[in-house]
Amino acid sequence: MAHSATPTPTPTPARPHRSAQWRALAGFLAASYCVATLGALASAGAGEVYGALDRPGWAPPAWLFGPVWTVLYGMMAVAAWLVWLHADRLRVRRALAWWSVQLALNLAWSPVFFAARQYGLALLDILLLLAALGTTVVLFRRLNRMSALLLLPYLLWVAFATALNASIWQLNP
């Protein structure tokens, strides 16, 4: 007579305590806005650089970038936090690793574009950012649908910025 072994269910880890959840959200916000601040510092004089460039007619005005990025960084932080709340820690670590990669590539773009004025290298960076961000969205979607939705405006903005970067590189050899 064959013995049928019933698999033992694996317990679901308890959700982090409320205070830990708020500390985690604060940490993701701090990481995101730290990148924003470092990017702003690295691109001191960006308005003048951007204004002096030959740009396509569809390029947005310089004043638009600050407000857009402020909102996007907040959405990025909340998206990461929502993923962090998921119980599957292995998948969470993988997704947040990609989130960190895209954040690092995001940080690298401003000094390359504005300080070094290396528009071709900046284009390479933003293409890598777009790929890392796309991967992040897919991984976030598997853990929390809202987190992926929160990253979609960022993905669209980076796609637009990629086209703008490519155009600027062509117009400013």
Kindly evaluate A79 against the criterion of being in contact (Cβ under 8 Å) with a residue 24 or more places away in the chain, farther than 16 Å from V35 by Cβ and touching a Ser or Thr at 6+ places or on another chain (Cβ under 6 Å). no
Those residues of segment 34-48 which are part of a helix (DSSP H, G or I) and either of a type in the set (G, A, S) or touching a Phe, Trp or Tyr at 6+ places or on another chain (Cβ under 6 Å) (or both) amount to A36, G39, A40, A42, A46, G47
Do we find a residue being modelled with pLDDT of 95 or more and either touching a Phe, Trp or Tyr at 6+ places or on another chain (Cβ under 6 Å) or at positive phi (or both) anywhere in segment 58-68? no
Here the qualifying pairs (Cβ atoms under 7 Å; residues six or more apart or on different chains; first in segment 29-50 and surrounded by 15 or more Cβ atoms within 10 Å (Cβ to Cβ); second of a type in the set (S, T, N, Q) and in a helix (DSSP H, G or I)) come out as V35/N106; G39/S110; A42/S110; S43/S110
Here is a check on your reading of the model: is A95 of a type in the set (G, A, S) and either closer than 14 Å to S32 by Cβ or touching a residue at least 60 places away in the same chain (Cβ under 8 Å) (or both)? no
Can you say whether Q102 is closer than 21 Å to I168 by Cβ and either without any contact (Cβ under 8 Å) to a residue 60 or more places away in the chain or acidic (D, E) (or both), as far as the supplied structure shows? no
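The values are calculated or read from the model by the stated rules, or taken from the named source; none is laboratory data. These numbers were taken from a predicted model, which means no experiment stands behind them. Methodologically, a virtual Cβ is constructed for each residue, glycine included, from the backbone with ideal geometry; neighbour enumeration extends over all protein chains shown.
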